[in-house]
Amino acid sequence: TWKDQFPDNPELLFYLAFFAERLGKFDETEKCLKKLIKPKPTPDALNYLAYFYAQRGKNLNDALKLIDEALKEEPESPAFLDTKGWVLFKMGRYQEACRYLKKAVTLKPKDPIINAHYGECLYYAGKLEEAEKVLLKALKFLKREPSVERDEPGVTEKVESLIKGLRRER
């Protein structure tokens with residue numbers, strides 16, 4: 001009912017998008033996020049929609065435009081740099097993606113997700129030795145913060161799988 005009473009409230013739209021995503025209602029999530037960025041988009045809202053698209057591997061050209069807009073406002077945001085790198089990764093632009101992800105890791109070195117993204121990107125860019133180091137670091141952080149799994153389901157399993165794959169290749 002709040003949605004009907006306050007249809008354009010940015011905070012409400014943000015939380016509606018967040019909870020819809022948690023419930024797996026992705027069409028509703030996207031609808032709320034698109035509505036949120038229409039009047040006067042905030043960098044956080046632009047980042048959220050860009051990352052939402054990247055996670056699903058859809059609308060990647062739009063995602064790139066959205067995150068570029070957010071980065072104009074906050075060029076040193078590790079979260080925004082991670083999103084830009086992740087969008088580029090999903091586009092198969094691994095070398096370019098690694099540059100953004102490396103900068104994000106430099107700014108926030110203990111973030112488990114940023115490390116996981118950077119490690120995976122290094123893996124696909126063919127930088128296997130460096131990828132293993134970063135993925136092991138990511139795994140260490142993920143084990144310390146199991147709650148991350150709520151926001152990024154399957155990330156720990158993905159990192160472990162990449163590490164096993166690297167070790168098999170040797």
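List of remarks:
- Subset of the stretch 116-147 (residues that are closer than 20 Å to Lys102 by Cα and touching a Pro at 6+ places or on another chain (Cβ under 8 Å)): Ala138, Phe141, Leu142
- Residue within the stretch 113-123 that is over 18 Å from Leu81 (Cβ atoms) and in contact with a helix residue (DSSP H, G or I) (Cβ under 7 Å, 6 or more places away or on another chain) present: yes
- Single residue of the stretch 84-103 satisfying the filter (of a type in the set (Lys, Arg) and assigned to a helix (DSSP H, G or I)) that is farthest from Lys127 (Cα to Cα): Lys84
- Condition broken by Glu145, with the remaining ones in (1) within 19 Å of the chain's Cα centre (by Cα); (2) surrounded by fewer than 22 Cβ atoms within 10 Å (Cβ to Cβ); (3) at pLDDT 95 or above satisfied: (3)
- Filter result for Leu139 (under 15 Å from Ala79 (Cβ atoms), among the hydrophobic types (A, V, I, L, M, F, W, C) and open to solvent by 20 Å² or more (accessible area, probe 1.4 Å)): no
- The stretch 1-50 - residue that is at pLDDT 80 or above and among the polar types (S, T, N, Q) and, of those, surrounded by the fewest Cβ atoms within 10 Å (Cβ to Cβ): Thr42
- Out of Ile114, Ile67, one residue alone is under 21 Å from Arg144 (Cβ atoms), without any contact (Cβ under 8 Å) to a residue 40 or more places away in the chain, in a helix (DSSP H, G or I) and open to solvent by less than 20 Å² (accessible area, probe 1.4 Å). It is Ile114.
- Filtered by the rule that a residue be surrounded by fewer than 17 Cβ atoms within 10 Å (Cβ to Cβ) and touching a Ser or Thr at 6+ places or on another chain (Cβ under 9 Å), the stretch 70-94 gives a lone residue, Glu73.
The values are calculated or read from the model by the stated rules, or taken from the named source; none is laboratory data. Note that the structure is a prediction, hence the values are computed from the model and not measured. Every residue, glycine among them, receives a Cβ derived from its backbone with ideal geometry; neighbour counts consider all protein chains shown. Just the protein is used for accessible areas: all its heavy atoms, side chains included, with ligands, DNA and RNA removed. Shrake-Rupley method; radii C 1.70, N 1.55, O 1.52, S 1.80 Å.
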